[in-house]
Amino acid sequence: MSNRNKKVCLNESLVRLIVHAIEKGIGSDILDYLSDHRKKTNNALLQMPGDNINTNLDEMVADGENYEILSFNRFVWEGCILIDRENRITYNITSQANLKLIPRKKGRTIPHYLQSLLFVENNECKSPYHQMTFEDFGIVTFDTEALTDDFLSISDGRIDINEDYRHYVIAYTARNREIEDIQILLLDKDFNTVDEQSLMEYVKPDFSKLTTTDNHTEELMVKNPGVAKNLVSVKAGIKPKLKEEEKQA
């Protein structure tokens, strides 16, 4: 088995940008929204981390040559995949809590997009510590044709199925608008871990929060003390169990 099927091939310059896009998406982007567009209720915050991150990837990472953003639709939900053309790697970003839920959801009528990506791109990757299969969870699996067709629909001709791409998942946990843990994962088609690496070394301590957060809060307290009090308790990546699968299953 080639090393490409056993180990994460880390593109440090790209990963650093991705981590920054996530940090901004769950942190300052949400604070800016609450400061400038605060409403009586803020239910949009449930969707906001993912939307912010995808926007940041498009603005900070995609260059139209080596790195591209591939958008696709699942009913009313829109997802994004980052394509690294030079190294033939695709990436998606999700919370660690959501990643654990994906292979356990029963009753799917179409594959979860990550099932299709892993089946096609990581089919040759084998976890040394095989844990579970979809059948072990009592979940009906999709056949090769269904998963391949779904992959082709997602990729929309922009990823050649014969070009030996690999797919990596970047999974994070956030607390109080900061990344608490973040990893890059190479998974097999059954969501078992083949290899993983921590990306915490790329998380930058935001020393400006010592003053910036206080300034945001002070401004809001002047405008509306009750809302400012709630702002202090808002968590980036609110409810990691965003149940992403419900938004796109």
Requested in this report: Determine, for each peptide in 175-183, 32-40, the mean count of other beta carbons within 10 angstrom over its residues, then list the peptides with the highest first.
Outcome: 175-183, 32-40
Query raised in the report: Label-point separation (nm) for Ser153 and Phe72, each offset 7 Å from Cα along Cα-to-Cβ?
Result: 0.9
Query raised in the report: Rounded to the nearest 0.05, what FRET efficiency is calculated for Thr144 and Lys6 with R0 set to 22 Å and r the Cβ-Cβ distance?
Result: 0.40
Query raised in the report: If you plug each phi of the range 172-187 into the Karplus form 6.51 cos²θ - 1.76 cosθ + 1.60 with θ = phi - 60°, what whole-Hz ³J(HN,Hα) values come out, in order, with x for Gly and Pro?
Result: 10, 10, 10, 8, 6, 6, 9, 6, 8, 7, 8, 9, 10, 10, 9, 10
Report summary line: For Asn123 and Asp63, extending 7 Å from Cα along the Cα-Cβ vector and measuring point to point gives, in nm, a value of 3.2
Query raised in the report: With respect to the cross-link table entries Lys106/Lys189; Lys39/Lys100; Lys100/Lys189; Lys7/Lys106, which display a Cα-Cα separation exceeding 25 Å?
Result: Lys39/Lys100; Lys7/Lys106
Query raised in the report: Local charge sum around Tyr33 (other residues, Cβ-Cβ under 11 Å, Lys/Arg +1, Asp/Glu -1)?
Result: -2
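Values quoted throughout were computed directly from the atomic coordinates according to the rules given, and no laboratory measurement underlies them. It should be emphasised that the depicted structure is a prediction, and the values quoted were computed from it without experimental measurement. Because the Cβ atoms are built from the backbone with ideal geometry, glycine has one as well, and the counts that use them run over all protein chains shown.
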